[in-house]
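The values are calculated or read from the model by the stated rules, or taken from the named source; none is laboratory data. What you are looking at is a predicted structure, and each value in this text was computed from that prediction instead of being measured. Reconstructed Cβ throughout: ideal geometry from the backbone, glycine too, with neighbour counts over all protein chains shown. Areas reflect the complete protein model, heavy atoms only, side chains present, ligands, DNA and RNA absent. Shrake-Rupley method; radii C 1.70, N 1.55, O 1.52, S 1.80 Å.
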Amino acid sequence: MRGFTKVAAVLVVLVILAILTGCASSGQVNGVVKDQSGVAIKGATVYLNDLQTTTDTNGKFVFSNVKSGDYVLKVEAEGATPYQENIKVLGSGISKEVTLRFNSLARVKRAGVIVFGSDTTYAPFEWIDPKTGNAMGFDVDLANLLASKIGVKAQIVTADFSGIIPALQTGKFDAIISAMTITDERKKEVDFSDPYYNSGQILAVQSSNNSITKPEDLVGKTVGVQTGTTGEEAAKKINGAIVKSYPDIQLALSDLEIGRIDAVINDLPVSLYYAKTHPKVKIVGSLFTTEQYGIAFRKDEPELRDAINNALKEIKANGEYTTLYKKWFGTAPQSIP
């Protein structure tokens with residue numbers, strides 16, 4: 001009996017040692033998955049070699065009873081660059097914080113909104129309704145329509161036009177919709193959507209002025225333009241013209257109306273819209289540039305741009321673009337870009 005007792009005791013000790021050894025050689029692998037802005041990601045797929053789980057509403061994941069050793073931790077989510085890291089699990093386990101980087105379209109869809117920067121002083125494309133304080137205009141309605149096509153809402157953020165591209169590049173908004181002409185110079189800084197509006201530069205003068213009808217008549221005359229625009233570029237090419245730049249075109253048109261300057265060079269639809277409600281201003285001559293507007297995006301972020309292009313194609317084909325154009329300009333477009 002004593003021999004049996006000794007054997008039993010040894011077996012008990014061995015079992016306890018085996019349990020303790022097993023506990024010491026396994027642990028828990030846990031962590032949290034977030035996006036670039038620090039928001040927890042629900043439903044991300046997490047792999048630990050052949051093991052698999054998903055993150056909860058707080059972005060957390062757990063693998064229990066993981067034996068000590070070398071593992072590959074992988075994390076995937078729709079629209080994100082997959083994450084992969086080699087990790088070593090020791091007896092106490094390991095905790096990881098993973099950041100997934102989403103592409104531009106996925107970020108917008110996760111947020112539920114696409115934020116557009118716009119110089120809201122450019123009626124009828126974008127301006128602030130004094131009654132509501134909200135942005136309105138052709139571009140604003142277009143932004144809302146395009147956003148709806150990709151399943152999100154649009155938000156307009158007012159920005160000064162001269163600094164609107166740098167603001168986009170630093171992440172203040174997702175895109176620019178601001179009657180922005182597509183130019184080779186701007187293409188060096190941003191990517192553009194397909195064109196959404198055909199335009200060009202035109203002259204505006206006081207209604208009583210019959211001496212200025214074309215750019216050549218501006219020699220020795222003071223012409224108002226908006227800073228950073230193609231109108232400013234066009235004016236500076238006219239030899240002998242005195243160019244005065246303004247932070248927004250409404251100030252230039254107001255100065256023209258009271259006679260502080262002789263003419264304004266600006267996009268036709270905006271100057272025409274102003275002249276319709278300000279009888280002291282008229283449009284003269286014909287377009288002396290041909291331009292197209294585009295929506296601007298940060299470079300190397302093609303996913304959102306491509307989604308907007310697909311939405312543009314859809315509304316141009318199904319008649320929604322023409323309906324929107326008629327609403328703001330009173331007639332069907334002569335051509336759809």
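Would you mind stating whether Lys316 is open to solvent by 40 Å² or more (accessible area, probe 1.4 Å) and more than 30 Å from Ser207 (Cα to Cα)? Full working, then the answer.
On the way: open to solvent by 40 Å² or more (accessible area, probe 1.4 Å): yes; more than 30 Å from Ser207 (Cα to Cα): yes.
When the stated conditions are applied, Lys316 passes them.
Could you tell me whether the range 249-260 includes any residue that is outside any strand (DSSP E or B), of a type in the set (Ser, Thr, Tyr) and in contact (Cβ under 8 Å) with a residue 60 or more places away in the chain? No, because not a single residue in the range 249-260 is outside any strand (DSSP E or B), of a type in the set (Ser, Thr, Tyr) and in contact (Cβ under 8 Å) with a residue 60 or more places away in the chain.
The condition (being open to solvent by 30 Å² or more (accessible area, probe 1.4 Å), in contact (Cβ under 8 Å) with a residue 12 or more places away in the chain and closer than 30 Å to Ser254 by Cα) is satisfied by just one residue among Thr81, Thr57, Thr121, Thr99: Thr121. Identify all residues within the range 175-209 that are more than 15 Å from Gly294 (Cβ to Cβ) and at pLDDT 95 or above; write none if there are none. Within the range 175-209, Leu203, Ala204, Val205, Gln206, Ser207, Ser208, Asn209 qualify. Counting just the residues of the range 267-304 that are at pLDDT 95 or above and crowded, with 23+ Cβ neighbours inside 10 Å, which one comes out farthest from Val243 (Cα to Cα)? Restricting to residues being at pLDDT 95 or above and crowded, with 23+ Cβ neighbours inside 10 Å, the top hit is Leu304. Counting only strands (runs of 3 or more DSSP E) that sit completely within the range 147-233, those holding 3 or more residues that are farther than 15 Å from Val115 by Cβ and open to solvent by less than 20 Å² (accessible area, probe 1.4 Å) correspond to 201-206, 222-226. Residue-level check: of (1) surrounded by 18 or more Cβ atoms within 10 Å (Cβ to Cβ); (2) in a strand (DSSP E or B), Ala106 misses just (2).
Considering the range 109-146, and only residues there that are more than 19 Å from the chain's Cα centre (by Cα) and in a strand (DSSP E or B), the residue that is nearest to Asp160 (Cα to Cα) turns out to be Thr121. Scanning the range 36-76 for residues that are of a type in the set (Ser, Thr, Tyr), part of a loop (DSSP other than H, G, I, E, B) and within 14 Å of Lys88 (Cβ to Cβ) yields a single hit, Ser68.
Every residue, every condition in (1) in contact with a helix residue (DSSP H, G or I) (Cβ under 6 Å, 6 or more places away or on another chain); (2) under 30 Å from Ala44 (Cβ atoms), yes or no:
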position	(1), (2)
Asn86	no, yes
Gly91	yes, yes
Leu105	yes, yes
Gly117	yes, no
Ile128	no, no
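hydroxyl-bearing (Ser, Thr, Tyr), touching a residue at least 24 places away in the same chain (Cβ under 8 Å) and surrounded by fewer than 17 Cβ atoms within 10 Å (Cβ to Cβ): does that describe Ser92?
So Ser92 fits the description; yes.
Take Arg298 and decide whether it is in contact with a Phe, Trp or Tyr (Cβ under 6 Å, 6 or more places away or on another chain), touching a residue at least 12 places away in the same chain (Cβ under 8 Å) and within 28 Å of Ala175 (Cα to Cα). The answer is no for Arg298.
Taking into account only those residues within the range 250-266 that are among the polar types (S, T, N, Q) and surrounded by fewer than 19 Cβ atoms within 10 Å (Cβ to Cβ), which is farthest from Thr222 (Cα to Cα)? Lay out the reasoning, then the answer.
Pass one, the range 250-266, residues among the polar types (S, T, N, Q): 250, 254, 266.
Right, trim to surrounded by fewer than 19 Cβ atoms within 10 Å (Cβ to Cβ) and you get 250, 254.
Working: Gln250: 16, Ser254: 14 Å.
Going through the qualifying residues, I end up with Gln250.
Count of the range 315-335 residues, restricted to those that are among the basic types (Lys, Arg) and over 25 Å from the mean Cα position of the chain (by Cα), is 2.
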